[in-house]
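See structure below.
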Amino acid sequence: MYAQMVKSDGPSDAELSPEERAFQARIDAGEKIEPKEWMPEGYRKTLIRQIGQHAHSEIVGQLPEGNWITRAPTLERKAILLAKVQDEAGHGLYLYSAAETLGVSRDELFEKLHSGKMKYSSIFNYPTLSWADMGAIGWLVDGAAIMNQVPLQRTSYGPYARAMVRICKEESFHQRQGYSIMMKMARGTEAQREMAQDALNRFWYPSLMMFGPSDKDSVHSAQSMAWKIKMNTNDELRQKFVDETVPQAEYLGLTVPDPDLSWNEDRGHYDFTQPDWDEFFEVLRGNGPCNEERLGARVKAWDDGAWFRDGLNAYADKAAARRLAAKTAAE
Amino acid sequence: MPSLPDMTTPKVETLGGGTGVEQDPHVSDAALRAPFFDWLCRMGDNTLILSHRLSEWCGHGPALEEDIALANTALDLIGHTQMWLALAGEVEGQGRSADDLAYLRDVMTFRNVQLLELPNGDMARTTMRQFLFDAFHAALLEKLSGSTSLRVAGIAAKALKEVTYHLERSSDLVVRLGDGTEDSHARMQTTLDAFWPYTGEMFLGDDVDAAMAEAGIAPPPQDLRPEWDRVIREVLDEATLAIPERRADVHKGGKTGRHTEHLGYILAEMQFLQRAYPGASW
């Protein structure tokens, strides 16, 4: 999931105003909420946080894979990886645009990302150390993202749901590309197989963390689910991810790094070890292996690009003034 | 721009519109083999090295739209590289694939012009380098579309569609940044002055070019200069940038394997996996 621990601002049921009651009734009836329509302030704010965090994750998420574009092993792999990372920038664009319909500009959201007021997914603070990581990220990270994003195609806010439809199509392609890299590696030379296993070892638990901690006690989750901006609990999605991924790992001949992983006949699900939640919170606090590099790279790109954006804006202003002058002269 | 070749395309050379050696006698002409191979490497290495430099920007662009556009251009150029180098391998007849040529040659056998291997620097450098090359590249591909080699003509016709757009885009950015703020103007002028001595190499002809011209495969590079001058003057004029008054043919040699120090580092990075794990399939 690219949105973790999004705080929700919602009233308790008893306080609902007539407008809020009508709004909730529309959501319960499965209607989509569109930008110009009335919505509770808490719904708007929560969505901005969630969509913004998702958008930030897409663009920060360019960096770990971008790390290997210049070292991709063949021309075709380079083209595929570059196109994939470019898709992620595109997802960022759709999502910032969806957020703009809620009254917040892309620049404002960037400012919040750069100043640390807004977060991006914890997963992108882990390093990519070998080419197999390009496979593991596509397979596991995009796979985990899909678990969350497929249901979000039915989310209550129209622009978000529509952005998610496009995103999901591309993400599922990315996941297959990632799995194709893993297949090549797992069935390649001994060194390649070791790289593949090592990538799975390093990305397994961080991928489980992507769904966020157990939300059975969270009031934020309950409100977000009532508003249909969160469709499943974190634990449901995590279980679904494990259930789908374990057989895929077996097919690759790789070992999931969890000695207690076992099929539970009664539950019809795998039992598995929870990730280290202390580590998760440390990463959110900024103490992950790559937090400084990732955020630093985004801030540097933005700051270094200021003169470029200013130049384009200045030209646009001059061109507009010239057009106006020409029009005035003609009249 | 659908830049990405289909993952499952078995033969990338068929993307160039060519259908086989039998239709293009130049490809199997033993007398032409050495210069034709060299010339095809010049084409493929130019696009390979420039695409590599552009791909370094991915995730670090000054605006999301720009990040996407840089990646798109890089993707187009990787596609061109696959076609030119695949044909080079075919002409050479030693069984080398496009990947073999890209990943297993050393600096002295690379044939790109030096301008393209220079580090990205800021967006002024990246944009100006792109523009100076695009104007040459578009003029060249235009002529190559009428090549007596049907394979070359096919690749050129496909590439020209994309490169026409590259030139449109880089020209537009040069105008906007040249006539933007004082700072953006100064950066663009400084960069133009710095790159000017590298531009002459694109138009220097040698024996390889003469052999290609004689066979009707490619125009002599010097013939492309008037069109390049025209485009450059027109765009720089609108951009309020001054054409440098210094020699253009100072830094040269890339076309024959004499490079700057920068190329070695590009190859060290690009070729790492192929060199570290020889024979592995990826």
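No lab work stands behind these numbers, since they all come straight from the coordinates. These numbers come from a predicted model, not from an experiment. Because the Cβ atoms are built from the backbone with ideal geometry, glycine has one as well, and the counts that use them run over all protein chains shown.
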Requested in this report: Report, as an integer, the average count of C-beta atoms from other chains found within 10 Å of each Cβ along B:70-81.
Outcome: 4
Query - Rough spin-label spacing in nm, given labels placed 7 Å along Cα→Cβ, for B:ALA30 and A:LYS169 - result: 5.3
**Report entry** Evaluated over chain B, the Cα radius of gyration and Dmax, each in Å
**Finding:** 18.3, 57
Query raised in the report: Which shape class applies to the range A:179-331: rounded if a/c is under 1.5, otherwise prolate when a/b exceeds b/c and oblate if not, where a ≥ b ≥ c are the square roots of the Cα gyration tensor eigenvalues?
Result: prolate
**Report entry** Semi-axis lengths (Å, descending) of the ellipsoid that matches the C-alpha gyration tensor of the range A:117-250
**Finding:** 29, 16, 13
Query raised in the report: Under the Karplus relation 6.51 cos²θ - 1.76 cosθ + 1.60, θ = phi - 60°, what is the ordered set of whole-Hz ³J(HN,Hα) values for the range A:316-322, x standing for Gly and Pro?
Result: 4, 5, 4, 5, 5, 5, 5
Query raised in the report: For the range B:56-105 and the range B:216-277, what is the separation of their Cα centres, given in Å?
Result: 16
Query - Normalised contact order of chain B, rounded percent, pairs of Cα under 8 Å and 6 or more residues apart - result: 23
Requested in this report: Given the peptides A:31-39, B:196-204, A:60-68, arrange them by the average over their residues of other C-beta atoms within 10 Å, most packed first.
Outcome: A:60-68, B:196-204, A:31-39
Query raised in the report: Sorted by packing (mean other beta-carbon atoms within 10 Å per residue), highest first, where do B:125-136, A:182-193 land?
Result: B:125-136, A:182-193
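Find the percent of Cα-Cα distances in the range B:75-190 that exceed 23 Å, and round it to a whole number. Numbers along the way, then the final one.
On the way: 2752 of 6670 pairs.
Counting pairs separated by more than 23 Å, the tail of P(r) holds 41 percent.
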Requested in this report: Could you work out the mean projected area of the convex hull around the alpha carbons of the range A:289-330, in square nanometres to one decimal?
Outcome: 2.8
Requested in this report: Over the alpha-carbon set of the protein assembly as shown, work out the extent along each principal axis and list the three values in angstrom, largest first.
Outcome: 86, 74, 41
**Report entry** Residue mean of other protein chain beta carbons inside 10 Å, A:59-69
**Finding:** 3
Query raised in the report: Taking amide H positions as placed 1.01 Å from N in the peptide plane, with prolines and chain starts having none, which residues 5 or more places from A:HIS269, or on another chain, fall under 5 Å of its amide H?
Result: A:ASN264
Query raised in the report: How much net charge surrounds A:ALA186 when only other residues with a Cβ under 12 Å from its Cβ are counted (Lys, Arg +1; Asp, Glu -1)?
Result: -1
Query raised in the report: For the range A:267-277, in order, what is each residue's ³J(HN,Hα) by Karplus, 6.51 cos²θ - 1.76 cosθ + 1.60 with θ = phi - 60°, in whole Hz (x at glycine and Pro)?
Result: 7, x, 9, 7, 8, 8, 7, 5, x, 6, 6
Query - chain A, relative contact order in percent, only Cα pairs under 8 angstrom and at least six apart counted - result: 20
Query raised in the report: If we count every other residue with Cβ under 14 angstrom of A:PHE124's Cβ, Lys/Arg +1 and Asp/Glu -1, where does the sum land?
Result: -3
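Summing -39500 (n - 2.57) over the DSSP H runs of n ≥ 4 in chain A and dividing by its residue number, what mean residue ellipticity at 222 nm do you reach, to the nearest 500 deg cm²/dmol? Show your work: numbers first, answer last.
Numbers: 14 runs with 211 residues, N = 331.
The per-residue figure over chain A is -21000 deg cm²/dmol.
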Report task. Starting from the Cα of B:ALA186, step 7 Å toward the Cβ, then list every residue of the range B:225-251 with an amide N under 18 Å from that point. Result -> B:240-242
Query raised in the report: Residue-wise, which Karplus ³J(HN,Hα) couplings in Hz belong to the range A:171-186, taking 6.51 cos²θ - 1.76 cosθ + 1.60, θ = phi - 60°, and x for glycine or proline?
Result: 4, 6, 5, 4, 5, 5, 4, x, 5, 5, 5, 4, 4, 4, 6, 5
Report summary line: Among A:LYS119/A:LYS184; A:LYS300/B:LYS255; A:LYS216/A:LYS240; A:LYS169/B:LYS158; A:LYS45/A:LYS119; A:LYS300/B:LYS161, the pairs whose Cα-Cα distance exceeds 26 Å are A:LYS119/A:LYS184; A:LYS300/B:LYS255; A:LYS169/B:LYS158; A:LYS300/B:LYS161
Report task. Report Rg/Rh for the range A:18-277, rounded to two decimals, where Rg is the Cα radius of gyration and Rh the Kirkwood radius. Result -> 0.99
Report task. Per DSSP H run of n ≥ 4, the term is -39500 (n - 2.57); total these for chain B, divide by its residue number, and report the mean residue ellipticity at 222 nm rounded to 500 deg cm²/dmol. Result -> -19000 deg cm²/dmol
Report summary line: The answer for A:TYR157, listing residues at least 5 apart or on another chain whose modeled amide H is closer than 5 Å to its amide H, is A:ILE33
Report summary line: For peptide A:89-96, the mean count of other chain Cβ atoms within 10 Å per residue Cβ is 3
Report task. Compute the projected area of the convex hull of the Cα atoms of the range A:79-179, averaged over all viewing directions, and report it in nm² to one decimal place. Result -> 6.9
Query raised in the report: By average Cβ neighbour count within 10 Å, what is the ranking of B:144-150, A:282-288 from highest down?
Result: B:144-150, A:282-288
Requested in this report: Could you size up the charge dipole of the protein assembly as shown around its Cα centre, putting +1 on the beta carbon of Lys and Arg and -1 on that of Asp and Glu, and report it in debye to the nearest 20?
Outcome: 580
Query raised in the report: Once the other residues with Cβ under 12 Å from the Cβ of B:LEU50 are scored (Lys, Arg +1; Asp, Glu -1), what is the net sum?
Result: -3
